[in-house]
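Working notes, structure below.
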Amino acid sequence: MKQYTGEVLSHRKHGEEYHSLTVVAPDIAASARPGQFVNLRPPADRYYILRRPFSICRVNRGSGWAATIEVIFDIRGPGTAALAAMRAHDPIDVIGPIGQGFAIPKNRQACLLIGGGVGATPLFFLGEELRAAGKRVDVLCGASRASRLVNTLELKRLGAMTEFTTDDGSVGYHGLVTDLLPNMIERCGSEVLYACGPRPMLQAVTAIAIKYRLPVQVALEEQMACGIGICLSCVAPIYNQKGTGVMHVRTCLEGPVFNGARVAWDRYGTDLDEADGPPGN
Ligand SMILES: Cc1cc2nc3c(=O)[nH]c(=O)nc-3n(C[C@H](O)[C@H](O)[C@H](O)COP(=O)(O)OP(=O)(O)OC[C@H]3O[C@@H](n4cnc5c(N)ncnc54)[C@H](O)[C@@H]3O)c2cc1C
Ligand code: FES
């Protein structure tokens with residue numbers, strides 16, 4: 001993990017709702033893995049104490065100006081609004097790559113990537129790495145409406161089979177990704193699931209994975225303050241190795257990617273029991 005001043009190579013509007021920032025960041029591009037994220041300091045005339053975390057959407061491992069990372073985001077508040085005002089050649093303070101990414105399976109070949117809304121951004125990087133490793137990649141992506149799906153064209157290119165769902169029926173299947181998931185698993189012969197998106201979606205995907213006895217890796221996006229393991233604002237309830245207790249684990253450093261079956265989905269917001277340990281145990 002490194003902190004340094006990168007340079008914005010390009011900022012473009014991405015569809016109707018999203019922004020894409022490509023940043024020249026050679027050290028991060030060289031070592032980033034899919035599922036890891038960067039912490040960007042929004043520039044502004046006022047001082048931002050907290051950085052903002054964003055999944056690495058793509059990397060270009062070239063040299064010089066070609067050593068870039070890309071993030072895609074929507075405007076949620078002041079930090080993302082300030083980032084959306086950045087232009088080519090602006091300096092940008094960046095820390096990364098942070099956290100534990102997705103594991104590439106050794107023995108399983110058919111990988112199904114499931115995304116929800118803007119949470120789908122790490123799937124592009126992941127899908128490219130899986131394909132480079134010779135895996136079959138299929139994609140199932142959902143959003144509230146068509147304009148909230150991130151880059152449908154690229155997702156179609158990425159997947160041997162790609163399906164979309166929208167809550168309002170404006171594109172693809174009218175309903176939730178989890179409505180289509182069992183059918184996709186069977187049609188694609190999926191052997192491992194990867195999911196990123198809202199927590200209720202990740203929980204529902206995990207339940208289906210368990211039913212089908214498939215491994216599932218999920219990327220948790222908890223609220224983060226420091227983003228580097230110090231403040232404990234980002235903890236999630238995770239079962240210990242033996243499944244006998246639940247621990248509060250930092251999603252910024254020990255995550256954001258976890259085995260979905262080890263996330264104690266029903267324990268969010270509850271006190272933990274005596275088997276619980278401190279983060280990192
Ligand atoms: C690991 C990770 C990866 C992410 N990847 C993306 C991405 O690829 N694209 C994208 O659009 N968004 C992503 N997010 C969410 C993004 O960080 C927030 O939308 C952003 O921080 C909001 O900042 P703001 O100042 O505009 O809003 P505010 O709500 O004013 O933010 C204030 C504070 O809350 C934190 N915060 C707010 N929302 C979130 C959130 N959902 N998750 C974590 N922290 C939050 C901010 O970091 C900041 O410290 C990711 C979050 C995490 C944890
Ligand atoms: S955000 Fe501070 S410990 Fe994770």
Calculated over the chain: convex hull of Cα atoms, volume per residue (Å³):
130 Å³
Check Gly197: other-chain or 5+ apart residues with amide H under 5 Å from its amide H, H built from backbone geometry?
Gly116, Ala219
Would you grab the residues whose amide H sits under 5 Å from the one on Gly245? Only those 5+ places off in sequence or on another chain, please, with H modelled 1.01 Å from N.
Asn240
Hz values of 3J(HN,Hα) by residue in region 146-159 - Karplus curve (6.51, -1.76, 1.60), Gly and Pro given as x:
3, 5, 8, 7, 8, 6, 4, 4, 5, 5, 5, 5, 6, x
Spin-label model distance (nm) - Ser170 vs Cys231, 7 Å beyond Cα toward Cβ:
3.3 nm
222 nm [θ] for the chain, helices only, -39500 (n - 2.57) per DSSP H run of 4+, per residue, to 500?
-5500 deg cm²/dmol
So the carbon and sulfur contribution to the accessible area of the chain, 1.4 Å probe, in percent, is 51 percent
Distance in nm between label sites at Arg157 and Ala133, each 7 Å beyond Cα in the beta-carbon direction?
2.2 nm
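In nm, what is the difference between 0.36 nm times the number of residues separating Ala44 and Ala66 and their Cα-Cα distance?
5.3 nm
Compute the Rg/Rh shape ratio of region 1-91: radius of gyration over Kirkwood radius, all on alpha-carbon atoms.
0.93
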Under 23 Å from Lys242, Cα to Cα: lysines that are on another chain or at least 8 residues apart:
Lys211
Output ³J(HN,Hα) for region 247-262: one whole-Hz value per residue in order, computed from phi by the Karplus curve 6.51 cos²θ - 1.76 cosθ + 1.60 with θ = phi - 60°, and x for Gly and Pro.
10, 8, 10, 6, 6, 6, 9, 6, x, x, 8, 9, 5, x, 5, 9
Counting only heavy atoms of protein chains, what accessible area per residue, in Å², does region 124-281 have with a probe of 1.4 Å?
46 Å²
Could you pull the accessible area for Leu149 with a 1.4 Å probe, rounded to 10 Å²?
10 Å²
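The values are calculated or read from the model by the stated rules, or taken from the named source; none is laboratory data. Given the structure is predicted, the values throughout are model-derived calculations rather than measurements. For neighbour counting, all protein chains shown are included, and Cβ atoms are generated from backbone atoms with ideal geometry for every residue, glycine included. These accessible areas exclude ligands, DNA and RNA; they are computed on the full protein's heavy atoms, side chains included. Shrake-Rupley method; radii C 1.70, N 1.55, O 1.52, S 1.80 Å.
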